[in-house]
Every structure is written in C-alpha cells, then in structure tokens.
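Let me begin by presenting the structure, written as structure tokens, before commenting on it.
The values are calculated or read from the model by the stated rules, or taken from the named source; none is laboratory data. What you see is a predicted model; the values in this text were computed from it and never measured. Using ideal geometry, Cβ is built from the backbone for each residue, glycine included, and neighbour counts are taken over all protein chains shown. Ligands, DNA and RNA are stripped out before the accessible areas are found, and what is left, the full protein with its side chains, is counted by its heavy atoms. Shrake-Rupley method; radii C 1.70, N 1.55, O 1.52, S 1.80 Å.
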Amino acid sequence: MLVKIYGSAVFGVEATTITVEVNVDKGIGYHLVGLPDNAIKESNYRIAAALQNNGYKIPGKKITINMAPADLRKEGSAYDLTLAMGILAASKQIKNEALNKYIIMGELSLDGSLQPIKGALPIAVKARAEGFKGFILPLQNAKEAAIVNDLEVYGVNNIEQVINFFDKQIPLEQTVIDTRKEFNKNLEFPEFDFADVKGQESIKRCMEIAAAGGHNIVLIGPPGSGKTMLAKRLPSILPPMTLLEALETTKIHSVVGRVKDTGLMAQRPFRSPHHTISDVALVGGGSYPQPGEISLSHNGVLFLDELPEFKRSVLEVLRQPLEDREVTISRAKFTVTYPSSFMLVASMNPSPGGYFNDPNAPVTSSPAEMQRYLGKISGPLLDRIDIHIEVTPVPFDKLSDDRKGEFSVAIRERVTQARQVQSLRFKPYNSIHYNAQMNTKQIRKFCILDSDSKSLLKTAMERLNLSARAYDRILKVSRTIADLEGDKEVNGSHISEAIQYRSLDREGWLG
C-alpha cells in the first residue's frame with residue numbers, strides 16, 4: 001500500500017515541503033531514497049525501537065520510502081516521526097485519512113518520546129502558505145511554531161499521542177499564541193543600563209549618535225577603560241524591535257535551534273564571538289549551510305572585542321555583509337541567502353602593549369610593532385566603520401561618585417525620535433531606513449553644506465590629515481547629529497562634532 005505524508009526541509013531561512021512516499025509490498029527489505037543524509041538513513045533503528053516500545057512494529061515486508069523532490073539533499077533526524085507515521089499508515093496499522101492535511105516533524109527517542117527540532121518557525125510559515133491544516137511537532141517547539149496564525153499547531157511529547165490522534169481521533173491540545181500580545185510581553189528592557197557607567201559622558205554621546213544613525217563604531221582605548229562595558233549597553237538604547245523585525249530575527253535563530261520557550265524574540269540580539277572564530281563560523285556556511293554570527297546578529301549588535309586579534313581572513317569576510325546587509329552562500333546545487341543587517345561595534349587597544357597615547361604609561365611598542373598591529377585592520381574594512389572614538393580611563397573621582405548617570409530609557413527616547421525622522425526621510429527608498437545606509441547620491445542630497453561648513457570641513461581635513469575615506473563618513477554622522485538635535489539642515493556645529501569621531505584617520509594612527 002502506498003501512503004503520502006508530508007515533512008519539511010529548511011534551506012537558508014526558508015522551508016521547502018518534502019513529500020514522503022511510503023510503499024509497503026511483498027518481499028523483504030528497507031529502501032530509503034531521495035538524497036537522505038546519514039542521520040536519516042539511521043532513522044530505521046530509532047523508528048523500530050520506538051514502535052516496539054509502544055506496541056507497534058515495522059512490518060516484515062519490503063518497505064520503499066522516497067523523499068521528494070529526490071534531487072534535494074535532506075538532512076537531520078527531524079524526519080523520524082514523519083517516516084514512522086508513514087510506515088504505520090502504509091502497513092495499515094493506523095488509519096491514514098487525515099495524514100496528508102498536516103506537516104509532521106520530530107526526532108524520536110528509543111522509547112517513542114520526541115526531541116526538539118530546528119527551523120520550526122520557517123516550517124510553520126511554509127505550511128500555512130501551502131494550505132496545510134496543521135503542524136504536529138515536539139512540544140518544546142510548539143510556541144515557536146504557534147507564532148504563525150491561521151495554522152493549527154499541536155505540540156506532542158511522544159509518538160503514541162500522534163498515533164491516537166490519527167487512529168483513534170483522540171484530540172490533541174492545540175497551542176495558541178496571540179502573537180502581538182506575546183511580543184509585547186517579551187518586550188522587556190535590556191539588563192544592562194548606561195546609568196551604571198561612571199563618567200565617559202563623551203563616549204555615551206558617541207554611542208547615542210551611533211545608535212541613532214545605525215553607524216558602525218570602533219572603540220579605541222587601553223585595557224580597563226570600559227570599552228566592553230559600554231558596548232554591552234548599546235542594545236539598551238537602540239529603538240525597540242518592531243513585530244516584523246522580531247519575526248525575522250526569530251526565524252534565523254529558529255534555523256539553528258536557539259529559540260527559547262518564550263517563542264518570539266523581542267530583544268535585539270547581542271553577539272560577541274571570541275577572536276579565535278573561523279570565517280565560516282562568523283559569516284555562515286559549511287557542508288550543510290548554517291547561519292553564522294553575523295546573521296544571528298541580524299537587527300541587533302555584533303561586538304568584536306580586541307579587533308586586531310581576529311584573523312585577517314575573518315575580518316575581510318565582513319566587508320560584503322556590511323555593505324549588502326545579507327550573506328549569500330553558494331554550493332554546487334543550491335544557493336542560500338541569510339539576512340545580516342547589524343550594527344558592528346568593535347573595540348581595540350591602541351597598540352600591542354595597550355597604552356599608546358596614554359601620558360601616564362610608558363610606550364612599550366616600537367613603530368614597527370604598532371604598524372603590524374594596526375595593519376591587521378584593512379582600509380576597506382575601516383571604510384565601513386563610520387565612527388572611531390578614543391576611550392580614556394575613568395579618573396578616581398568619577399569612579400567613586402555614587403550618583404547615577406543618565407538612564408538608557410531616556411537616551412533611547414531620543415534615539416527613537418531620530419530614527420523616526422530618518423524613516424520618513426527615506427520612505428521613497430525601500431532599501432534604506434537610517435543614515436548609515438545612505439549611498440553617495442543620497443549623502444549629496446540630504447547633507448547639503450553651506451559655505452562656512454564646507455570651509456570648516458576642508459580646514460579639518462587638511463590640518464588633521466584626514467583621509468579621503470573620512471569625508472562621506474563625517475557627512476553621514478553629521479546628518480545623524482542634526483537629526484538628534486532636531487535640525488533640518490547640517491551646520492558647522494554638527495560637522496565639528498563629527499570630525500572628532502575619526503581617530504583612526506588621523507596622522508599617527510594608520511597613516
């Protein structure tokens with residue numbers, strides 16, 4: 001007897017429906033075709049034990065299973081439940097009338113209990129799009145899948161519940177989530193607050209500007225000056241995520257199985273990989289492509305601590321995602337694209353010894369060592385970082401001050417207002433939402449300078465030996481400063497402040 005049952009495969013952040021055809025006929029054998037990987041090929045052992053321990057069995061006949069489309073590579077153990085239910089239906093151990101109305105996925109333990117799967121959210125999105133009635137999956141993934149409206153989602157603990165649902169019409173408890181209510185419930189304020197930071201008022205101002213315009217930023221300062229502390233608090237002043245951004249972010253984390261029991265991610269991600277990370281782990285890829293750290297940072301912050309300690313090849317793979325805000329990974333038979341619109345925050349010591357430009361510490365690095373150290377950061381990468389700011393150690397009187405600084409919630413209000421101004425400005429441009437995304441044409445349109453401002457910028461570039469790459473960056477940052485101040489036009493004070501945020505372009509740093 002031939003039975004068709006449906007599962008799903010995830011490629012990139014999108015799902016593809018897989019038709020599992022199970023045919024039980026005279027003879028002996030177990031044949032699984034359709035480009036399954038080793039985890040799927042081993043499933044017959046898990047299925048046999050799970051059925052045996054729940055009062056069923058794999059029939060002693062010839063079983064042929066085809067996973068269509070047959071030219072698409074399938075991977076993972078999430079098809080165990082799909083294959084098991086197909087075998088039971090094809091061998092007439094259970095009824096099969098309603099099987100084709102549902103997507104069924106889950107990894108089986110030997111006792112028949114179910115283990116969580118990856119990619120539940122994109123699978124649920126695809127199931128609804130293709131008109132399936134419902135989605136049956138492990139209970140641990142039920143909230144994640146139930147984010148999708150107009151789709152019945154049933155979370156189950158073991159295969160016996162699924163068998164009873166189809167064979168004996170014993171109802172399952174449907175998981176229902178009010179997506180907007182769940183989003184608002186999870187929309188808590190971040191743990192870290194700028195009020196905890198002593199002193200560093202100029203750096204806080206700089207971080208506010210970076211958040212308001214979506215600018216990438218690098219913090220340069222000696223050990224213990226507070227670079228990491230400041231970076232960890234940046235998400236607390238970014239505008240709250242919209243529901244659409246939350247769904248996009250949850251989808252990516254779902255693919256790698258990182259969604260928590262709350263279902264919908266409402267906090268902007270903050271990723272901080274170690275400097276020993278490989279380029280594949282950072283950008284994504286592998287034999288079976290998975291999102292890397294830059295995609296897991298989508299709609300959030302990617303923090304690279306001790307930037308020059310990262311391998312040069314790792315830093316160079318950042319260039320294209322920073323420009324295009326997506327990562328495309330190509331293989332012989334398929335191509336996947338992961339979104340990667342994130343804010344890059346990097347920190348670094350000013351020299352190998354850590355204390356270059358510090359008047360209170362001896363210089364322990366030679367000019368050659370300095371050049372090697374800073375030379376790890378290429379010009380093209382720096383081209384994509386709008387703000388360079390020096391962080392100096394906090395003096396004792398500031399550290400010992402018991403008064404709280406300005407709270408993040410107040411800074412976030414100003415940032416959100418500036419982002420709203422930018423959103424209206426760039427409404428005609430579908431791919432641009434904030435100032436950091438402007439190209440040269442838009443910079444010339446929205447950053448018009450009067451003669452005094454032009455003269456100031458020209459003088460600064462000549463006297464401070466600023467490089468040509470600094471010109472557009474200064475204009476972008478000036479536009480953001482103007483937005484924070486509520487000014488429609490960029491003026492000399494905005495230009496003057498933006499010039500301060502190009503430390504690495506000055507003579508004596510990278511030359």
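In this entry, Gln371 is excluded by the filter for residues that are assigned to a helix (DSSP H, G or I), under 23 Å from Ile203 (Cβ atoms) and among the polar types (S, T, N, Q).
Only a single item in (1) part of a helix (DSSP H, G or I); (2) under 32 Å from the mean Cα position of the chain (by Cα); (3) at pLDDT 80 or above is not met by Val176, and it is number (1). Scoring Ser493 on the criteria (1) over 34 Å from the mean Cα position of the chain (by Cα); (2) in contact (Cβ under 8 Å) with a residue 60 or more places away in the chain leaves a single failure, condition (2). Looking across the range 123-158 at every residue that is among the β-branched types (Val, Ile, Thr) and touching a residue at least 40 places away in the same chain (Cβ under 8 Å), the one that is surrounded by the most Cβ atoms within 10 Å (Cβ to Cβ) is identified as Ile123. For the residues Ser478, Ser467, the requirement of being assigned to a loop (DSSP other than H, G, I, E, B), polar (S, T, N, Q) and either under 33 Å from the mean Cα position of the chain (by Cα) or surrounded by fewer than 17 Cβ atoms within 10 Å (Cβ to Cβ) (or both) singles out Ser467. Taken over the range 85-120, the criterion of being closer than 18 Å to Ala49 by Cβ, touching a residue at least 60 places away in the same chain (Cβ under 8 Å), open to solvent by less than 10 Å² (accessible area, probe 1.4 Å) and under 34 Å from the mean Cα position of the chain (by Cα) is satisfied by Leu108, Gly112. In the range 443-460, the residue that is farthest from Leu475 (Cα to Cα) out of those that are surrounded by 12 or more Cβ atoms within 10 Å (Cβ to Cβ) and among the polar types (S, T, N, Q) is Ser455. In the range 1-59, the qualifying residues are those that are more than 17 Å from Tyr79 (Cα to Cα) and among the aliphatic types (A, V, I, L, M), and the one that is most open to solvent (accessible area, probe 1.4 Å) is Ile28. Annotation: of all residues in the range 60-84 being crowded, with 20+ Cβ neighbours inside 10 Å and within 31 Å of the chain's Cα centre (by Cα), the one that is farthest from Pro138 (Cα to Cα) is Met67. Go through the range 458-486 and give me each residue that's under 12 Å from His388 (Cβ atoms) and either among the charged types (D, E, K, R) or free of Cβ contacts under 8 Å to residues at least 24 places away in the same chain (or both). Correct list: Arg469, Arg473.
Taken over the range 410-442, the criterion of being surrounded by 14 or more Cβ atoms within 10 Å (Cβ to Cβ), aliphatic (A, V, I, L, M) and in a helix (DSSP H, G or I) is satisfied by Ile411, Val415, Ala418, Val421, Ala436.
Does the range 174-186 include one or more residues that are open to solvent by 10 Å² or more (accessible area, probe 1.4 Å) and touching a Pro at 6+ places or on another chain (Cβ under 9 Å)? Looking for residues that are open to solvent by 10 Å² or more (accessible area, probe 1.4 Å) and touching a Pro at 6+ places or on another chain (Cβ under 9 Å), one finds none in the range 174-186, hence no.
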